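Reviewing the structure listed below.
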Amino acid sequence: MGTILIVDDTLFMRTLLKNILFSGGHTIAGEAANGEEAVAKYKELKPDLVTMDVVMPKVNGIEALKTIKQLDPAARVVMCTAVGQEQMVKLAIKSGAKGYIVKPFQAPKVLEEIKNVLAS
Amino acid sequence: MSEFEQYRSLFVAESRENHENLVNFLLELEKGTDQNAIDEIFRSIHTLKGSSASMGFADMERLCHTMEDVFQLIRNGSAVMTKDLSNTLLSCTDLIEEMLDDIEAGGDSSSKNPDKLVGELKSWLGQHGAAGPEKPKAPAAQKIPDAPEECGQSPEIPTSDAGPEYCMTIVVAPDCMMKDVRALIAIQNLEALGTIHTMQPSKEAIDEGKFDGTVNLTMASEAGEEALKTAALGTEIASVDIRQTEAPAAPQATEAAAVKKPQEAEKKQPPASADKNREIKNLRVDITQLDHIMNLVEDLVINRGRLKQIAEEHKIKEMDEAISMVERSVSELQSLMMTIRMIPLSHIFNRLPRVVRDVAQYDHKEVEFIMEGGETELDRSVMDGLNDPLLHLIRNAVNHGIEAPEVREKAGKARKGTVRLSAHRDRDNVIIELTDDGAGINIEKVKKKAVEKGMIAADAAATLSTEQAIDLLFQPGFSTADKITDISGRGVGLDVVKRSIESLKGTIKVDTVPGKGSTFELLLPPTMAIVDVMIVRICNRRLAIPISSIVEVANFKKDGMHRIGKGDVTMLRDEVLQILWLNEMVGSSDRCEILIVVQYQKRKCCIPVDAVEGKQEVVVKPLSNFIGTTKGISGVTILGDGDVVPVLDINTMQE
C-alpha cells in the first residue's frame, strides 16, 4: 500500500487506473494531466509511486520521468504504455523507470506491478 | 464489458475531444508539414486507441491502431503525408465519429465496419515498407550467432570485480507483453547490485527486441544469492535460477542488507496530507442534470412572483423583507445558471474547417476559411439549434458563393476565395457573420427562378426590390443551384435555415454585392429561457409580448383606422401601420385603447390591446411537439398568480 500520483492526459484513463489502485488498497496522492504538472505535483506531494503515461502534451512522460529522477533519484515511476511502444518503454527503463503496465489495463497485473515496485 | 459501463460517458466525452483534435490537426497538416500537428495527431490517435482498447471496443481499437501505425511512419519521417492519405485518414475520423455515436447510444462500435478503411491503410503501410509499428517482429534467438548455450563458458571472465560469481537464468512469463522490457528491468536491477560479465542474448539484442523470453547471464556481486534473486524476480518473471560458479572471493554474502538503498528509510514518509488531494477545480456534469437545475430555477422564478403577489395583497411588511432577500438570491442563482449553461461557439465552430475543406475539394475550389470570435458564448440550447443552419450556410458559401479558381482569375480576383466566419457579442445579442468574397447573389437569376417555379408572377418579379428578391431565397422550395449536388441542395433550403434561426428567437439578414460576395448575418439571443415581456390584456385575457419586439406603445383611436384590401391599417404619425387583430386568439374586443407597435426586422405593425399590465421577466416554456406548429405563439409562461399566459411570437405572426 502506498500513495500514488497518477499521470495521464485523459481523465478516462486516470479514472480507470484510480479505481484499480483503490481496489488494491492504495491511496491516490493526486493526479496530473501532463508532464509539467507531474513534476510539480511530485515535488508537492512526494508520493511513494508515480504511474506515468508516455504520450502526453507539453512535457511527455519520458522527460517528466527524467526530471523527477533528477529531483529524487529514489523515485519509483511506473510507465503506462501500450503495445507498439516498446522502444519508448525501454528508454524509460534506462532513464530510471522501475516498471511498466500495459494498456488496456488488467487490474491484477497492474496491482502486481505496483506491489512489486513499491517493495523494491 | 459491464464493469466498464460506468466509464462509458466519460470515454465518449473525452474521445470526442480527441476526435476533434485529430480532425483539426489533420486539416492543419494539409496546409504543410508541421511537426506539432503530427505530434498532436499521433497523441490523439494513440489515446483513442488506448481508451477504446480499455473499453473493449475492438473495432474502434483496430481502426485507431492502424491509423497509429500510419502516423508512426509519418512521425519518424519514413513517409510523407499525401492528399490521398489525408482523405483516407479523414474518412477514418468520420467512421470514428460514427462509432462514438454508436457507443454513446449504448453500442460497442461493432455496427460500423472498419475493414475497408483498415484495408486501405494496411495497403499503404505495405507500400511504405512497414511490417509493424515500431519493431519488426524478428524471430528472436535464431539471429544471434553461435552464442554459448550454457553460462560460465564465456571466453572472458573478468576477475577484477568484487564478490562471488553467479550464473543466472531468468525466464519471463510467456503471457507477458513486452518480454524484452521485463528482461531489461531485471537486468537493470541486477546491475545495481554487481557487475554483469556475460549475457545471452546480449543487452543490445534485447534492446532491439530480439528476445524469446529467457536470458542467461553471469555476474559478480557481493549482494548474496537471495538479494540477487529478489532483484531479478519482478512482475511477470516466471522463474529465476541462480547458482554460484566459483568459491567466494570475499565471503560477504550475508551482508545483503547493506546494499539496501539508504534512501529507502527516508522514503517512508507519511503520505502527503490527504487534504491536499481535494483540489479538483473542474468537474463534468451531465447536461440533463443541468437542465433539471435550470427547470428548478425557473420554478423558483415563477414562485418568487407568486410570493410577491401574495405579500402585496396581504400587505405583510416582514414578509416583504424576507421576499426581497429571496428575490436577490433567486436573481443571482438565475444569472449564475445562465452563465453555467453558456458554452463558447468554438464548440461548433471547430467542426467547420473540415466542412469547408470537403466542400471545396468536392467542387474543385480553393478556399481560405477564417474563424474569429469562437470564444463568444451562447446558451447550450441556442447552440444546439444553431449547428445545422450554420453548417448549411457554410456549405452554401463555398458551394454557391465562391467561384471556381479560373472564374475568379478572369474576374481579377485571387484564385483562392475567402470565407470568414466571425462572432461577437453586441449588447443583448450575439451576432454571427458569414462573409464570402464570391460572386454575390445574382438577383436577376433569383427572380427568374422564382417565376419559373411559379412562386411569383413575372410582372411582380420585375418590380421587386433587391431586398424583396433576396427574401425569395428564404421561401420554401427555392434553390438556385443548377443541379443538386452532393454537398448542398439536400432538399434543405434556406427556408429551413431561416425557420431554425427564428425558432431560436433569432433573425437572419443577407447583404450581397454582385461580384464582391455576400454576408449572412445571424442575430441571436445568447439565451432563450428567460425573457422580458410586456403583459397586456385583451377581452380580459392576458398575453405576453417580448419587449425585444416592441418599439412603441401608443394610444389607439378607432376613427384613425382604415381598411385596405383584406386588412386594417392605422396611421401613427406619418406612418401607415398594418393592424394585427388577435380576434382568433382571444376573441374580438371593442374596448381596445392602446396600440402596441411591434417590429420584426424592418417590418412594423401594431397590435391593439385593452390594457397594459406591466413588464415582467418570465420563463418561456415551449409548447409540446404534439400541438403542431403554432404560428404567432412561441410558448407559454406561468405568472405569479398561476395564470398560464401565451407568449406572442412576432416573427411568425406577421406571415
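Structure values in brief
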{"read-out": "Residue match in region B:308-321 (condition: at pLDDT below 80 and among the hydrophobic types (A, V, I, L, M, F, W, C))", "value": "yes"}
{"read-out": "Single residue of B:LEU125, B:LEU48 found to be surrounded by fewer than 22 Cβ atoms within 10 Å (Cβ to Cβ) and either modelled with pLDDT under 90 or touching a Cys at 6+ places or on another chain (Cβ under 7 Å) (or both)", "value": "B:LEU125"}
{"read-out": "Test: residue in region B:530-549 that is assigned to a strand (DSSP E or B) and without any contact (Cβ under 8 Å) to a residue 60 or more places away in the chain", "value": "yes"}
{"read-out": "Tally of residues being buried (at least 18 other Cβ atoms within 10 Å of the Cβ), out of contact with any Leu (no Cβ under 8 Å at 6 or more places or on another chain) and of a type in the set (A, V, I, L, M) across region B:378-408", "value": "2"}
{"read-out": "Residue match in region A:74-93 (condition: more than 18 Å from A:LEU11 (Cβ to Cβ), more than 10 Å from every other protein chain (Cβ to nearest Cβ) and among the polar types (S, T, N, Q))", "value": "no"}
{"read-out": "Subset of region B:279-305 that is facing another protein chain (nearest Cβ under 10 Å) and within 19 Å of A:TYR42 (Cα to Cα) - its residue that is modelled with the highest pLDDT", "value": "B:ILE280"}
{"read-out": "Identity of the residue in region B:62-87, surrounded by fewer than 17 Cβ atoms within 10 Å (Cβ to Cβ) and in a helix (DSSP H, G or I), that ends up farthest from the other protein chains (Cβ to nearest Cβ)", "value": "B:LYS83"}
{"read-out": "Among (1) outside any strand (DSSP E or B); (2) surrounded by fewer than 17 Cβ atoms within 10 Å (Cβ to Cβ), the one test that B:SER589 misses", "value": "(2)"}
{"read-out": "Residue match in region B:52-61 (condition: within 12 Å of another protein chain (Cβ to nearest Cβ) and under 21 Å from B:ALA37 (Cα atoms))", "value": "no"}
{"read-out": "Positions within region A:20-40 being out of contact with any Lys or Arg (no Cβ under 6 Å at 6 or more places or on another chain) and more than 14 Å from A:ALA64 (Cα to Cα), in sequence order", "value": "A:ILE20, A:LEU21, A:PHE22, A:SER23, A:GLY24, A:GLY25, A:HIS26, A:THR27, A:ALA29"}
{"read-out": "Residue selected from region B:325-377 under the condition over 15 Å from the mean Cα position of the chain (by Cα) and of a type in the set (Gly, Ala, Ser), by the criterion farthest from B:LEU296 (Cα to Cα)", "value": "B:ALA360"}
{"read-out": "Failed item in (1) loosely packed, with under 15 Cβ neighbours inside 10 Å; (2) touching a helix residue (DSSP H, G or I) at 6+ places or on another chain (Cβ under 7 Å); (3) of a type outside the set (Ser, Thr, Tyr), with B:GLU321 passing the rest", "value": "(2)"}
{"read-out": "Residues being within 14 Å of B:ARG43 (Cβ to Cβ), surrounded by fewer than 22 Cβ atoms within 10 Å (Cβ to Cβ) and either modelled with pLDDT of 90 or more or within 9 Å of chain B (Cβ to nearest Cβ) (or both) - total across region A:25-59", "value": "3"}
{"read-out": "Enumeration of residues in region B:479-519 that are in contact with an Asp or Glu (Cβ under 8 Å, 6 or more places away or on another chain), outside any helix (DSSP H, G or I), modelled with pLDDT of 75 or more and not charged (D, E, K, R)", "value": "B:ILE508, B:VAL510, B:GLY517, B:SER518, B:THR519"}
{"read-out": "Residues (in a helix (DSSP H, G or I) and either more than 7 Å from chain B (Cβ to nearest Cβ) or touching a Gly at 6+ places or on another chain (Cβ under 6 Å) (or both)) located in region A:9-24", "value": "A:ARG14, A:LEU17, A:LYS18, A:ASN19, A:ILE20, A:LEU21, A:PHE22, A:SER23"}
{"read-out": "Among residues of region B:602-645, those that are under 25 Å from B:GLU313 (Cβ atoms) and not acidic (Asp, Glu), counted", "value": "16"}
{"read-out": "Count - residues of region B:331-351 that are of a type in the set (A, V, I, L, M, F, W, C), in a helix (DSSP H, G or I) and buried (at least 18 other Cβ atoms within 10 Å of the Cβ)", "value": "3"}
{"read-out": "Region A:94-114, subset under 19 Å from A:LYS66 (Cβ atoms) and more than 8 Å from chain B (Cβ to nearest Cβ), residue surrounded by the most Cβ atoms within 10 Å (Cβ to Cβ)", "value": "A:ALA97"}
{"read-out": "Number of the condition not met by B:GLY77 [criteria: (1) farther than 21 Å from B:PRO353 by Cβ; (2) touching a residue at least 24 places away in the same chain (Cβ under 8 Å)]", "value": "(2)"}
{"read-out": "Of all residues in region B:5-36 being over 19 Å from the mean Cα position of the chain (by Cα) and more than 18 Å from B:ARG284 (Cα to Cα), the one that is nearest to the other protein chains (Cβ to nearest Cβ)", "value": "B:ASN36"}
{"read-out": "Qualifying position, being without any contact (Cβ under 8 Å) to a residue 40 or more places away in the chain, surrounded by 14 or more Cβ atoms within 10 Å (Cβ to Cβ), β-branched (Val, Ile, Thr) and in a strand (DSSP E or B), among B:VAL569, B:VAL553", "value": "B:VAL569"}
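The values are calculated or read from the model by the stated rules, or taken from the named source; none is laboratory data. The structure presented is a predicted model; accordingly, all values stated were derived computationally and were not measured. Ideal geometry is used to build each Cβ from the backbone, glycine not excepted, and the neighbour counts take in all protein chains shown.
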